[in-house]
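The values are calculated or read from the model by the stated rules, or taken from the named source; none is laboratory data. All of these numbers come straight from a predicted model, not from anything done at the bench. A quick note on method: Cβ atoms are made from the backbone with ideal geometry, for glycine too, and the neighbour counts reach across all protein chains shown.
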Amino acid sequence: MSSGTFLSRLGTALVLCASAVFGGGCGASMFDRANGYDAQGCVEDALRKNPDPTLAVQVKAELELGCRARDAGACSALGVTKELGIGEPKNLRAARNLYDRACQRGNKRGCVNLGTLVLSGAGTDAGAMHNGAFAKSLFTAACDAGEPSGCGALAHMLAKDPSASSEVVENAFGRGCSGGDADSCFELGERSAAQQAAGFYAKACLDGHVRACARLRMPPVHVAGGDAPKHATVAR
């Protein structure tokens, strides 16, 4: 699959966030990280932010092709379309299966998506206690493997655990923030003194986090010329 073919089917927001990665041609995966950008995270987040329905359906068709070609990142992103009901009714069980497939193939963001869905109780018949333990194991493994969204998800889960200390929670958010997870940076800002909080909010705002920008009374900062956050990540 050529990068041009994929990009021609992306909505404006998706093109802007992914073009830095795909512009030079696809690697083994349509979601290879390059130049500090997390293309998969950007595409998945853009899909979650109500993109143009027609263009989103076109993106979905490309993701289906990628997933059939055993691209784990495409399977994870395709799961997002199933979870949200893009181009079809919501199918949480199908979303779970796609996230699980991506996770089994080593895609850590797919593991985080799986854990988040399982934790919500959607797409599964298992008990709440089992779901919580399973989700925590997925978040922990993803975080330890360097997936910042996994650290953020783990931190959110720990924050609801009375036995978890504030230091443990903030450490998990810190790992997420240092890896480029804007929500983790925002949460650190919420937990910090004013002067230090401003730095965390600024970092989150630069990655398009609307609430962080609101704290700074600034508009979200996006990729030049468009609406998609840049999703900068540290090198893995």
* If you check Ala135, Ala153, Ala164, Ala122, which single one turns out to be within 19 Å of Ala95 (Cβ to Cβ) and not in a helix (DSSP H, G or I)? -> Ala122
* To do: Output the residue which, of all residues in the stretch 200-214 that are aliphatic (A, V, I, L, M) and at pLDDT 90 or above, is farthest from the chain's Cα centre (by Cα).
  => Ala214
* Any chance Cys185 is at pLDDT 95 or above and not basic (Lys, Arg) -> yes
* **Matching residues, the stretch 70-91, being at pLDDT 90 or above, closer than 16 Å to Val43 by Cβ and in a loop (DSSP other than H, G, I, E, B)** => Asp71
* To do: Run Ala122 past the list (1) in contact (Cβ under 8 Å) with a residue 12 or more places away in the chain; (2) more than 19 Å from Gly150 (Cα to Cα) and report the number of the one that doesn't hold.
  => (2)
* Residues Ser184, Ser149, Ser166: which one is within 21 Å of Tyr201 (Cα to Cα), polar (S, T, N, Q), touching a Gly at 6+ places or on another chain (Cβ under 6 Å) and in contact (Cβ under 8 Å) with a residue 12 or more places away in the chain? -> Ser184
* Residue count for the stretch 183-199, restricted to those that are farther than 20 Å from Glu147 by Cβ and either assigned to a helix (DSSP H, G or I) or within 19 Å of the chain's Cα centre (by Cα) (or both) -> 8
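For (1) surrounded by 20 or more Cβ atoms within 10 Å (Cβ to Cβ); (2) at pLDDT below 95; (3) in the same structural domain as Gln40 (by TED's automatic domain parsing); (4) under 19 Å from the mean Cα position of the chain (by Cα), each residue gets a yes or a no:
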{"site": "Val118", "(1), (2), (3), (4)": "yes, yes, yes, yes"}
{"site": "Thr124", "(1), (2), (3), (4)": "no, yes, yes, no"}
{"site": "Gly127", "(1), (2), (3), (4)": "no, yes, yes, no"}
{"site": "His130", "(1), (2), (3), (4)": "no, yes, yes, no"}
{"site": "Ala133", "(1), (2), (3), (4)": "no, yes, yes, no"}
{"site": "Glu170", "(1), (2), (3), (4)": "no, no, no, no"}
{"site": "Phe173", "(1), (2), (3), (4)": "yes, no, no, yes"}
{"site": "Cys177", "(1), (2), (3), (4)": "yes, no, no, yes"}
